[in-house]
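Notes follow once the structure below has been shown.
The values are calculated or read from the model by the stated rules, or taken from the named source; none is laboratory data. Just so we're clear, the structure is a prediction, and the values are computed from it rather than from any experiment. No Cβ is skipped: glycine too gets one built from the backbone with ideal geometry, and neighbour counts run over all protein chains shown. Please note that ligands, DNA and RNA were not included when accessible areas were found on the heavy atoms of the full protein model with its side chains. Shrake-Rupley method; radii C 1.70, N 1.55, O 1.52, S 1.80 Å.
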Amino acid sequence: MLIDRQFTRETIKDESRVWEQLVAPQLNLPYNVISICHHGFTEMLNNVIDHSNSKRVGIHCEQGDSQTILEIEDDGVGVFAKLRSYFDLDSDIHALIELVKGKLTVAPEAHSGEGIFFSSKMFDQFVIESGELSVTFGPDQCLVRTIPNRQGTKFRMEIANDSQRTSQQVFSRFTDPEEFTFCKTRFFVSLAAFEGELTSRSQAKRIVARFESFEEVELDFNCVDHIGQAFADELARVWPLSHPNTRMNITNAGESIVKMLKHVAGRVDLPQPANPVVIDAPSGIQPPAEDDDDNYGLRP
């Protein structure tokens, strides 16, 4: 363990100074990995300073032969509880659902709501533990599990020492190349399935809330096996009807989900969106021919 220190929150007033004086001198890493560690560490420590109302802050850093681990933990109000209270949300999982979309902050005059979103995409693993939830972000999945109730919040960030990823690559994936505005988001639908099967319109409405603030949304169905007709109709037909300026792309959907989405998109007796949802065909499902009138937006 390179660093294992406890501080009172009042003594940490500048996250950049903590990085420069305490953490950076201990790390021997390529520039791109240092840049990612710098971004994630300072963003998460700033969250603790500005939002946690904690009394203490723990900072841990470990650089092994193959990976580097950064941890920041506090004993404050907790990130999910803070969001739940501020936005009047029903539960911690609903707070998590909103958090991972990006552009969510309890202090818009001082923060952009982008810190956790981009940091969670830069590391090999990015873990948040708070309340009774632990969420782990990986390159292509987001896993949630329950834990014994934890006061405050713990952030754990792991990255391979020889990672080729750059912070610029991550920013470029979700920003406009000309204006560099945060215009794209990616949502793991498995988060909404944490509370049960995805069958109702209310569940779909929870997912699409605030998507209109983005130009493009990717809905990743990895680890989701089934959706109901009402859920699919709200997600793929009703919401896009009233939000034509947001492009919605479906990825990693299994065969049964694709069939349900095709069903709601094939209702010629009902209004269909001018900008239909695009569904990436899963392995083993052949898209219709280009001249097939019944293609429902399915593409190779």
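Considering only L241, S256, I227, and ranking their Cα positions along the charge dipole of segment 223-270 that arises from unit charges at the beta-carbon of Lys, Arg, Asp and Glu, the one farthest toward the positive end is L241.
Would you mind telling me the antiparallel percentage of the DSSP bridges in segment 131-287, rounded to 5? So the antiparallel bridges amount to about 35 percent of the total. Find the accessible area per residue for segment 176-251; the probe is 1.4 Å, ligands and nucleic acids are left out, and the unit is Å². Here the per-residue accessible area is 42 Å².
Keeping all protein chains in place, calculate the accessible area per residue for segment 1-111 (probe 1.4 angstrom), answer in Å².
48 Å²
Can you tell me the 0 to 90 degree angle between the C-alpha axis of helix 31-51 and the longest principal axis of the chain, rounded to 10? Result, in degrees: 90.
Antiparallel beta bridges, as assigned by DSSP with both residues in the chain, represent about 70 percent of the total such bridges. Note on K13: lysines with a C-alpha under 20 Å away, same-chain residues under 8 apart excluded, are K55, K154. About its Cα centre, the dipole of the chain is roughly 580 debye, where the only charges are +1 on Lys and Arg Cβ and -1 on Asp and Glu Cβ. For the chain, with all protein chains in place and a probe radius of 1.4 Å, 45% of the accessible heavy-atom surface sits on carbon or sulfur. Partner lysines whose Cα lies under 27 Å from the Cα of K262, excluding those fewer than 8 positions away in the same chain, are identified as K101, K184, K205. Could you tell me how far the Cα centroid of segment 82-98 sits from the Cα centroid of segment 1-63, in Å? Rounded to whole Å, the Cα centres lie 26 Å apart.
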